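Q: Below is the structure I would like to discuss, written out as structure tokens.
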Amino acid sequence: MDRTTEIKNDLSLFNEIVDELLADEIKNPVNQPTSVDALKDEVDLSLSNSPMELVQFKESIKTLILKTPKTGTRLFFNQLFGGRNGKAVLGDLLAVMLNNSMYTYKVAGPQVGVEKAIIKKVGEIVGYPSSCDGTFAPGGSMSNFMAMVMARDAKNLDTRFTGVKTTFTLYTSAQSHYSISKNAAFIGVGRDNVRFIPTNNKGEMDVESLEQQIEEDIQGGFTPFFVNATAGTTVLGAFDAVDEISVVCKKYKLWLHVDGAYCGAVIFSKKYARLLRGIEKTDSFSLNAHKMIGTPLSCSIFMTPHKKSLYDSFSNEASYLYQTDEDEYNLGKTSIQCGRRNDALKFWTLWKAVGTIGLEKIVDHQFELANYAREYINNNEDYILYSFEDSLSICFNYKGIPANELCSMLYQEGELLVGFGHVKEQEFVRLVCVNAANSTEDIKNFFEVIERVIETKSTLFTSLQIQ
Ligand SMILES: *Cc1c(COP(=O)(O)O)cnc(C)c1O
């Protein structure tokens, strides 16, 4: 078989499998989970010496695909991503077909332009100077990592050569993402030197406490260098007050990064951009298009107005790699990785298709879904609400049932996928409204599924039996 025929056959197999998957998603939007113990019996995962017959090969793949948890359906609410956007899927599949690596213009050609077009446009929307720059990191955690490396080097450029000799401290809220402390370890600052600033009842960083802690550390002989503000905290979906925090950062000459992995995409909405007031005064900003915007994983955009710092921290000469064109178009000079997949194309195909107005609609729609969910809870006394306005994470409890028991049962019974969270001592179910393909009808259905399941399976809950 020649190579074109072979790939064409494999792609028709792809279409055949996808057709089955899409049909199955309608029939079974949630799978009955396969237990870890049963995994090797239910799915043929073994790898053998001899090739497999085509018929069996197909069957093995189909079983594997159909038994995989479904994240694209109307009943997946478990994570800060969900749903499926066809235009973005198209872009990602084409990126796989092209299989470029984004490090040089020679190898990626116009795909470099695709990435730069997104960086330029996002920079304009954020309000950074036209000289700003950015890149696509392997995810939100790694975008935060890049910000911290740049902040460390900006404080003392010699660190790149000598290693960390300064007793640095950095600041983030007690509700921020765990990648901040992990990254503190990676960059040689150490987890012990992360200061977790308390939050108010809405989960927003207390700015006065931030300033006090900075003062205390300076007096203690530490060198504060970095503040992370969060746009959409992982559990409550809260927004730290970027504008106020920027005043403190300016006063103490600290790098201000905004971790917008979850909700940084509010920049696309005229109505909700207010949640990031002051964003143009920050030193770096990241957003995950694979969360609110709904592109396939991963699509994390890292932005900074300090182009020079980006090169200072991430460029390295390599004569075996950079052989043509100027640095500006050799994107390997500003990224963590060497070989790097094309994460930009899927966002570009979507943006191209729907326009910035379309991105705004996606964002606004998610807030409408969240408002609807909050209203539903407020109008039903069997529920207690723990979240606040302007949040896409709807945290609640139903009939006093422990959230972890409820979520595990919904999973085990193959009813719906939703997770739970904690703030301080309180545990609750966290409904995430990021699937832009959902309607308010789907949100209503979410609650109705819970109500029906509890109605029919209440004997499973010790807490309900006691009542
Ligand atoms: C999801 C998330 C991250 C991590 O992003 P990944 O792409 O999963 O690495 C970081 N910060 C916040 C606030 C998040 O919600």
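Q: Please report the spacing between the Cα centers of segment 193-243 and segment 410-428 in Å, no decimals.
A: 28
Q: Right, here's the next one. If each residue's Cβ is checked for other Cβ atoms within 10 Å, how do Arg195, Arg430 rank with the fewest at the top?
A: Arg195, Arg430
Q: List, in the order given, every pair from Lys271/Lys361; Lys121/Lys253; Lys165/Lys307; Lys202/Lys457; Lys291/Lys333 whose Cα-Cα distance in the structure shown is over 22 Å. The partial results should precede the final answer.
A: Values: Lys271/Lys361 10 Å; Lys121/Lys253 28 Å; Lys165/Lys307 25 Å; Lys202/Lys457 34 Å; Lys291/Lys333 27 Å.
Exceeds cut-off: Lys121/Lys253; Lys165/Lys307; Lys202/Lys457; Lys291/Lys333.
Q: Could you give the size of the charge dipole of segment 173-306 about its Cα centre, using +1 on the Cβ of each K and R and -1 on the Cβ of each D and E, expressed in debye and rounded to the nearest 20?
A: The calculated dipole for segment 173-306 is roughly 540 debye.
Q: Applying 1/(1 + (r/R0)^6) with R0 = 30 Å to the Cβ-Cβ distance of Glu6 and Lys361, what FRET efficiency is obtained, to the nearest 0.05?
A: 0.15
Q: Still on this model: 5 Å is the cut-off here: which amide hydrogens, built 1.01 Å from N in the peptide plane, fall below it relative to Thr104, excluding neighbours closer than 5 in sequence?
A: Distant-sequence amide H within range of Thr104: Leu331, Gly332.
Q: For segment 223-264, what does the alpha-carbon gyration tensor say about shape, rounded, prolate or oblate, given a ≥ b ≥ c as the root eigenvalues, a/c under 1.5 as rounded, and a/b over b/c as prolate? Can you show the working numbers first?
A: Numbers: a/c = 2.89, a/b = 2.12, b/c = 1.36.
Since a/c reaches 1.5 and a/b is larger than b/c, the shape of segment 223-264 is classed as prolate.
Q: Can you order the peptides 52-60, 64-72, 394-402 by their average number of other Cβ atoms within 10 Å per residue, highest first? Present the calculation step by step, with values, prior to reporting the outcome.
A: On the way: 52-60: 11.8, 64-72: 15.3, 394-402: 20.3.
Result, highest mean first: 394-402, 64-72, 52-60.
Q: To one decimal place, what Kirkwood hydrodynamic radius in Å is obtained for segment 355-466 from all pairs of distinct Cα atoms?
A: Working: mean 1/r = 0.0680 Å⁻¹.
Answer for segment 355-466: a Kirkwood hydrodynamic radius of 14.7 Å.
Q: Would you list which aspartates and glutamates come within 13 Å of Lys346, measuring only between C-alpha atoms, while excluding same-chain residues fewer than 8 positions from it?
A: Filter leaves Asp92, Glu115.
Q: While we're on this one: Within a 10 angstrom radius of the beta carbon, how do Val30, Val266 rank from fewest other beta carbons to most?
A: Values: Val30 20, Val266 26.
Least to most surrounded, the residues fall as Val30, Val266.
Q: A further question on this structure: Give me the distance in nm between label points sitting 7 Å out from Cα along the Cα-to-Cβ direction at Phe196 and Asn380, one decimal.
A: 3.3
Q: Expressed as a whole percent, how much of the Cα-Cα distance distribution for the chain exceeds 32 Å? Before the final figure, lay out each step's value.
A: Numbers: 50336 of 108811 pairs.
Every Cα pair in the chain considered, those over 32 Å come to 46 percent.
Q: Antiparallel versus total DSSP beta bridges in the chain: what percent is that, nearest 5?
A: About 55 percent, rounded to the nearest 5.
Q: If you don't mind, there's one more thing I want to ask. Going 7 Å from the Cα of Ala117 in the Cα-to-Cβ direction, what parts of segment 75-92 have a backbone nitrogen less than 19 Å from that spot?
A: The answer is 86-92.
Q: Can I ask one more? So if each residue of separation counts as 0.36 nm, and I subtract the Cα-Cα distance between Leu54 and Thr34, what length gain in nm does that give? Let's see the in-between values first.
A: On the way: separation 20, 0.36 × 20 = 7.20 nm, distance 2.51 nm.
Additional length available on full extension: 4.7 nm.
Q: 5 Å is the cut-off here: which amide hydrogens, built 1.01 Å from N in the peptide plane, fall below it relative to Phe226, excluding neighbours closer than 5 in sequence?
A: Amide H to amide H, under 5 Å and 5 or more residues apart or across chains, Phe226 pairs with Tyr171, Trp255.
Q: For segment 390-446, what is the convex hull (Cα atoms) projected area averaged across all directions, in square nanometres? Don't skip to the end; give the middle numbers.
A: Details: hull surface 18.3 nm².
Over all viewing directions, segment 390-446 projects a mean Cα-hull area of 4.6 nm².
Q: May I pose another question? Separation of segment 72-151 and segment 10-66 by C-alpha centroid, Å?
A: Value for the Cα centre distance between the two parts: 30 Å.
Q: Where a ≥ b ≥ c are the square roots of the eigenvalues of the C-alpha gyration tensor, would you call segment 72-155 rounded, which needs a/c under 1.5, or, failing that, prolate if a/b is larger than b/c, or oblate? Show your work: numbers first, answer last.
A: Values: a/c = 1.82, a/b = 1.24, b/c = 1.47.
Oblate, because a/c is 1.5 or more while a/b does not exceed b/c.
Q: Once both labels are modelled 7 Å past Cα along the beta-carbon direction, what's the Val354-Glu124 spacing in nm?
A: For the pair Val354/Glu124, the computed spacing is 2.0 nm.
Q: How big is the Cα convex hull of segment 5-112 in projection, averaged over all directions, in nm²?
A: Values: hull surface 40.9 nm².
Approximately 10.2 nm², given one-decimal rounding.
Q: Taking 0.36 nm per residue of separation and subtracting the Cα-Cα distance, what length does fully extending Leu64 through Ser439 add? Could you put the intermediate results ahead of the total?
A: On the way: separation 375, 0.36 × 375 = 135.00 nm, distance 2.96 nm.
Here the answer is 132.0 nm.
Q: Is the C-alpha gyration tensor of segment 100-350 telling us rounded, prolate or oblate? Criteria: a/c under 1.5 is rounded; beyond that, a/b larger than b/c is prolate, otherwise oblate.
A: On the way: a/c = 2.02, a/b = 1.31, b/c = 1.54.
It comes out oblate by the Cα gyration axes.
Q: For an R0 of 56 angstrom, estimate the FRET efficiency from the Cβ-Cβ distance between Glu216 and Lys307 and round to the nearest 0.05.
A: Details: r = 34 Å, r/R0 = 0.61.
The value I calculate is 0.95.
Q: Quick check on the exposure proxy: order Asp327, Asp133, Asp19 from fewest to most C-beta atoms within 10 angstrom.
A: Details: Asp327 13, Asp133 21, Asp19 10.
So the ranking, lowest neighbour count to highest, is Asp19, Asp327, Asp133.
Q: Shifting gears a bit: In percent, how large is the relative contact order of segment 100-350, given Cα pairs closer than 8 Å and 6 or more residues apart? Write out the running numbers ahead of the final one.
A: On the way: 480 pairs, mean separation 71.1, N = 251.
Across segment 100-350, relative contact order equals 28 percent.
FYI, it's all coordinate maths here, none of it is from the lab. The structure presented is a predicted model; accordingly, all values stated were derived computationally and were not measured. Counting neighbours? That spans all protein chains shown, and the Cβs are built from the backbone with ideal geometry, glycine included.
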